[in-house]
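Q: Before anything else, here's the structure in question.
Only the coordinates and a few stated rules stand behind these numbers; no lab work does. Nothing here was measured: the structure is a model prediction, and the numbers come from that model. For neighbour counting, all protein chains shown are included, and Cβ atoms are generated from backbone atoms with ideal geometry for every residue, glycine included.
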Amino acid sequence: MNNLIATTPDTIEYEKQIADLLVIIEEQQKVIERQNVQTLELRRQIDWFIAVIKKNNKRTFGQSSEKTEYVAGVEAISLFNEVEKESDPNRPEPEIEEVVIPEHTVKRPKKQIGHRDEILEGLEVFTIEHIIDDPECPKHGEMHVIGKEFVRREVEIKPAQVWVTEHWRLAYGCRPCEIEGECASVVKAEMPPALIPKSLASSSAVAYIMYEKYVNGVPLNRQENDLKLHGLVLPRQTMANWVIICATKYLAPVYEQMHKVLISLGFMQADETTVQVLKEEGRKPTTDSYMWLYRSAERVDPQIVLFEYQPTRSAKHP
């Protein structure tokens, strides 16, 4: 009976199915082994590419000079707080001394290491004379030029161009008053105030630095090196000081006025996106911070777009 059961058609069919399954399993095991080998090779290639990318990023962005840091495995350059890191309010602008010459007194840079002559050496100089049209003496009428006063120097910057602009202010005296000796009628031409008192900064220079950093994403360290190629030695600490002073003095009031107009509208649009902020007090570098954006509707003219940094996306911020 056992022999008869072993040779039944059903038994033969089962054995055939089992044999077929064993063949399929063996083939699948070979496929899995090949895939494991391919997976290991792909992982090796990925590790190699990651190493190359990190090396290239480090060489391109200059970790040591541009404060490049790694956050959660991602290489990041501090875009928003580089100015605050580089700024040094205690770093003085190059000093000025008075030099007396026979005809009039002129302010000239001191001859010392780091003085303005060395900073501006080799740059083309343009002179602007501030004059008075048809100056008149209250007593005798027409006045003549009796001298001119050197007021300040400003470094001007345009893309791929750097030069120096010297501001001279003409002084006018009345010749009859000089002859008679009764009075000293002297007037000087008016001129616009300096962007930053006792500084080489001009509006074009600061605008260029801000544009390069915040629009083109060029760190101050690379701007410093680029300006050297054009003959201007301008430390990044000085550039950082200029950015902070001008942003506080000139741009903050504009921002506040735009803010007042924006919140007076019927409605506005808003959105927020995450940013990484390094070395923020009381927060880990891996903690998400947020850059909020607020803007007016398209039908508003002119349109208003404002950015605001906040550490969270809490509803209290809008």
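Q: Give me the number: length gained by fully extending S203 to L306, i.e. 0.36 nm times residue separation minus the C-alpha to C-alpha distance, one decimal in nm.
A: Difference between extended and current length: 34.9 nm.
Q: Right, next: Each residue of the range 190-204 in order: what ³J(HN,Hα) in whole Hz does its phi give by Karplus 6.51 cos²θ - 1.76 cosθ + 1.60, θ = phi - 60°, with x for Gly and Pro?
A: Each residue's phi maps through the Karplus curve to give 7, 8, x, x, 6, 4, 10, x, 6, 9, 7, 5, 10, 4, 5 Hz.
Q: A further question on this structure: Would you give the gap between the C-alpha center of the range 202-246 and the C-alpha center of the range 292-318, rounded to a whole Å?
A: Distance between centres, Cα-based: 28 Å.
Q: Starting from 0.36 nm per residue, how many nanometres of slack lie between R175 and K16 once their C-alpha separation is accounted for?
A: Extending this stretch completely gives an extra 44.4 nm.
Q: Place the peptides 208-219, 125-136 in order of packing, highest mean first, counting for every residue the other Cβ atoms within 10 Å and averaging per peptide.
A: Ranked from most to least packed, the peptides come out as 208-219, 125-136.
Q: Amide H to amide H, which residues 5 or more places from S185 or on other chains are under 5 Å from it, using H placed in the peptide plane?
A: C174
Q: Sticking with this one: Give me the net charge of H230's neighbourhood, meaning all other residues with Cβ under 15 Å from the Cβ of H230; Lys, Arg count +1, Asp, Glu -1.
A: So the surrounding residues net to -3.
Q: Using r as the Cβ-Cβ distance of K55 and E121, and R0 as 45 Å, what FRET efficiency do you calculate, to the nearest 0.05?
A: 0.75
Q: What FRET efficiency comes out for the pair H130/C183, r = Cβ-Cβ distance, R0 = 25 Å, nearest 0.05?
A: Efficiency at R0 = 25 Å is approximately 0.55.
Q: Compute the Cα gyration tensor for the range 186-318, then decide on rounded, prolate or oblate, letting a ≥ b ≥ c be the square roots of its eigenvalues: rounded whenever a/c is under 1.5, prolate when a/b is larger than b/c in the other cases, and oblate in all that remain.
A: Oblate.
Q: For a quick protection proxy, order the peptides 194-201, 223-230 by their average other-Cβ count within 10 Å, most packed first.
A: So the peptides 194-201, 223-230, ranked by packing, come out 194-201, 223-230.
Q: Would you mind getting me the FRET efficiency between W292 and S264? Use the beta-carbon distance for r and R0 = 25 Å, nearest 0.05.
A: 0.85
Q: Could you please rank V31, V187, placing first whichever residue has the fewest other Cβ atoms within 10 Å of its Cβ?
A: Fewest-to-most ranking of V31, V187: V31, V187.
Q: Run the numbers for L278 and E84: contour at 0.36 nm per residue of separation, minus the present Cα-Cα distance, in nm.
A: That works out to 68.7 nm of additional length.
Q: Follow-up. How do L123, L234, L22 rank when sorted from fewest to most other Cβ atoms within 10 Å of their own Cβ?
A: With the fewest neighbours first, L123, L234, L22 line up as L22, L123, L234.
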